[in-house]
Every structure is written in C-alpha cells, then in structure tokens.
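In what follows, a structure is listed as structure tokens, so that the remarks can point back to it.
The values are calculated or read from the model by the stated rules, or taken from the named source; none is laboratory data. Note that the structure is a prediction, hence the values are computed from the model and not measured. Here the Cβ positions follow ideal geometry from the backbone for every residue, glycine too, while neighbour counts run over all protein chains shown.
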Amino acid sequence: MEDLPIIELRRIEANIIKPIYDEMVQSLGKEKAQEILGQAIIRNAVEHGASHANGENSANDLNAFAALLPQWTKNDALEIDVISQSDSQFDFNVTRCRYSEMYQEMGLGEIGHLLSCNRDGSFCDGYNPDIKLTRTQTKMSGASHCDFRYAYEPNKE
C-alpha cells in the first residue's frame, strides 16, 4: 500500500467507513457518530505522522515535512500555490481539492472534513509537535481555497 496514492487510499477507506458511519448514525445519532469518527481519524493521523517521522533518514523538520507534500498531491489530488517556504514557515493555498470532490461524489460531504481535513494538523502532532498548522478555511467547507500555514516553532525547553 506504500505506493498507492493517498487519494486512492482515502477512497478505499471511505468505502469501508460509509456503511459503518451510517450504522453509527442510526444507533447513536449524527453528533455522537461524528464525534467518534473524528476521534478515530485524528488518532490514526497522529500515528501516521509518527510512523513517517520514525522512517525519516534526516531530521523531521519543516523542510523534511514539506518534502512529503507530493504524497498528498499525487495523481493531481491537490492543486496548490506555494506562497512561501523557509526553514520556519511553509505557506500554500489549495485551489483544487479532489479529496473534497471525491467525498461529495460518494455522498460523504458532511463528514469529508473528518475524513481528510482533520488529519492535516494531527499528522503534524505525530510527525513533529513543533510544526504547527494554522488554517482558517477549506474547500471542503465551501471556501474558494484552503489556506495552509505551517510554522516551525521549536520547543524552547
């Protein structure tokens, strides 16, 4: 599964999650189902970030993190405009998100943010907690673009 584009992995996961989510909504209600699903996805994203960090041959700094971006953009999954990149800042906008489009097509638009967007900052928590994401809008929520602003803020302790 290492060579599988992430967008295809997310499609497979979504096909498995959809009937489980539907059952959870029936049994627990939408709010509780989304809470549980969100927690599970966040936990998975942290673990995924940690496994990437443990597999790195170099420091898991912001430049190494930025070098991972092609995994998420593979197969034109994202169209991005890089605004700035340095050792301490990596800013870009996503102008097209096929993840969002895919979830809408699958009838999962109401939980697309849980399945995809919530992973972004959580991945950093596992990869390197000194990398912080600030994002004020997403395509998934109907904005014109996603504004990703990553900052490297080393813990001074």
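Worth pointing out:
- Residue check, Ser100 of a type in the set (S, T, N, Q), at pLDDT 95 or above and not in a strand (DSSP E or B): yes
Matching residues to (1) of a type outside the set (Ser, Thr, Tyr); (2) part of a helix (DSSP H, G or I); (3) within 18 Å of Ile41 (Cα to Cα); (4) in contact with a helix residue (DSSP H, G or I) (Cβ under 6 Å, 6 or more places away or on another chain):
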position	(1), (2), (3), (4)
Asp87	yes, no, no, no
Asp120	yes, yes, yes, no
Asp125	yes, yes, yes, yes
Pro129	yes, no, yes, no
Lys139	yes, no, no, yes
Gly142	yes, no, no, no
Ala151	yes, no, no, no
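- The set of residues in the range 5-29 that are surrounded by 13 or more Cβ atoms within 10 Å (Cβ to Cβ), out of contact with any helix residue (DSSP H, G or I) (no Cβ under 7 Å at 6 or more places or on another chain) and over 20 Å from Glu105 (Cα atoms) contains only Leu28.
- Filtered residues of the range 85-100 (kept if out of contact with any Lys or Arg (no Cβ under 7 Å at 6 or more places or on another chain), charged (D, E, K, R) and crowded, with 16+ Cβ neighbours inside 10 Å): Arg98
- Among residues of the range 82-107 that are β-branched (Val, Ile, Thr), those with a Cβ under 7 angstrom from a residue that is surrounded by 20 or more Cβ atoms within 10 Å (Cβ to Cβ) and assigned to a strand (DSSP E or B), sequence gap 6+ or separate chain, pair up as Val82/Phe92; Ile83/Phe92; Val94/Leu78; Val94/Cys146; Val94/Phe148.
- For Val25: the one exception among (1) β-branched (Val, Ile, Thr); (2) assigned to a helix (DSSP H, G or I); (3) within 18 Å of the chain's Cα centre (by Cα): (3)
- The range 111-142: number of residues that are without any contact (Cβ under 8 Å) to a residue 12 or more places away in the chain, loosely packed, with under 13 Cβ neighbours inside 10 Å and at negative phi: 1
- Residues of the range 55-79 satisfying the condition of being in contact with a strand residue (DSSP E or B) (Cβ under 7 Å, 6 or more places away or on another chain), touching a residue at least 60 places away in the same chain (Cβ under 8 Å) and under 19 Å from Met140 (Cα atoms): Trp72
- Qualifying positions in the range 106-148 - farther than 23 Å from Asp81 by Cβ and β-branched (Val, Ile, Thr): Ile111
- Candidate set from the range 50-84 (those that are in a loop (DSSP other than H, G, I, E, B) and more than 14 Å from the chain's Cα centre (by Cα)); member that is surrounded by the fewest Cβ atoms within 10 Å (Cβ to Cβ): Asn57
- Top-ranked residue in the range 28-49 [being assigned to a helix (DSSP H, G or I) and over 18 Å from the mean Cα position of the chain (by Cα); ranked as farthest from Tyr103 (Cα to Cα)]: Leu28
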